[in-house]
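K.L.:
One structure is given below, represented as structure tokens, and several questions about it will come after.
Only the coordinates and a few stated rules stand behind these numbers; no lab work does. If you're wondering where the values come from, they're calculated on a predicted model, not measured in any experiment. Positions of Cβ are generated from backbone atoms using ideal geometry, with glycine treated the same way; all protein chains shown enter the neighbour counts.
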Amino acid sequence: MAECELACDAGCDLGESPIWDERTGRLYFVDINGKRVHVYEPASGAHRSFQLDQPVGTIALTSDPNKLLAALERDIVEVDATTGATGRVLATSPEEHGVEGYRHNDGKATPQGSLLVGRMHSKWRDGNPGRLYALHPCSSELVQVLDGVGLPNGMAWDEGKQAVFFVDSAAETITAFAADDKGTPKVETARVVSHVPTQHKHVPDGMTIDSFGNLWVALGESGAVVCYSGGTGQELRRVSLPVKRPTACTFGGDQLQHLYVTTRVETGESASPNHGGLFRVAIPGVHGAAPAYKFQL
């Protein structure tokens, strides 16, 4: 039976993008709306955060353990992993033809060291499309990979099958693609793995993959993380959480034996205790597939 506990009472408005760095024993995650990057160290229980000047959609580890990559509203920037000071701008997203309301959303480094990052509109429910971009090492250009995405979100790679999985929260789908030599999706190979329409009541959000090739997905507004077969899309198990609004998940710990889950704020008298916190789940026999990939600086 899975055991869930509060790891860190972070108080996030919109917690997202948890990522474990095995080199430092730190787990990073962001509060998008709070414009903060949080740093949690399980060994000591220490927790701190630093403020940025823009909403931060995602962070990625880099080949330098002292530097993170942060996707702000338009810019992809280096961030000092200790002080939070921003450094050079690696890339800037193209203009959306004067349309306001766009920002970067979920993203991750690929196994080959590139960055895959989504770009979304705040009013995605009204049909404003998002896109998926790639940033390759030694380049300053964000290359469009997918267009017409409703709400680009979670990503995961199965290196053994050379596959990349991608969540479109608006379409409520998880799609598998063959990965190219940079770890980015080959568009023509798209195959929908899971589609569970809920009229956006329980949308799939952030995602990770375990050592069996199964996908673990935070199901927004459901109070649960759901495990799907990476091959068939069949729901294999569901882990309930003590909060209603999980957002993303990742495996961490020295054996990748814990599933860490970020959450977002709840309002009203029915709000769960510790909403907006970081939770840790131990699931017997389940471990992460591989340490988080790093963007190659």
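K.L.:
Excluding same-chain residues fewer than 8 positions from K186, which lysines have a Cα within less than 18 Å of its Cα?
P.N.:
K108, K161
K.L.:
Across region 157-162, in residue order, what do the Karplus-derived ³J(HN,Hα) couplings come to in whole Hz, using 6.51 cos²θ - 1.76 cosθ + 1.60 with θ = phi - 60° and x for Gly and Pro?
P.N.:
10, 10, 5, x, 9, 6
K.L.:
Same structure again: If each Cα of region 3-295 is one equal point scatterer, what is log10 of I(q)/I(0) from the Debye formula at q = 0.10, 0.12, 0.14 Å⁻¹?
P.N.:
The calculated log intensity ratios at q = 0.10, 0.12, 0.14 Å⁻¹ are -0.46, -0.68, -0.96.
K.L.:
In addition: Just the number: Rg to Rh for region 148-297, Cα atoms, Kirkwood Rh, two decimals.
P.N.:
0.97
K.L.:
Okay, moving on. Let me spell out the model: positive unit charges on the Cβ of Lys and Arg, negative unit charges on the Cβ of Asp and Glu, origin at the Cα centre of the chain. What dipole size does that give, in debye rounded to 20?
P.N.:
Computed charge dipole of the chain: roughly 160 debye.
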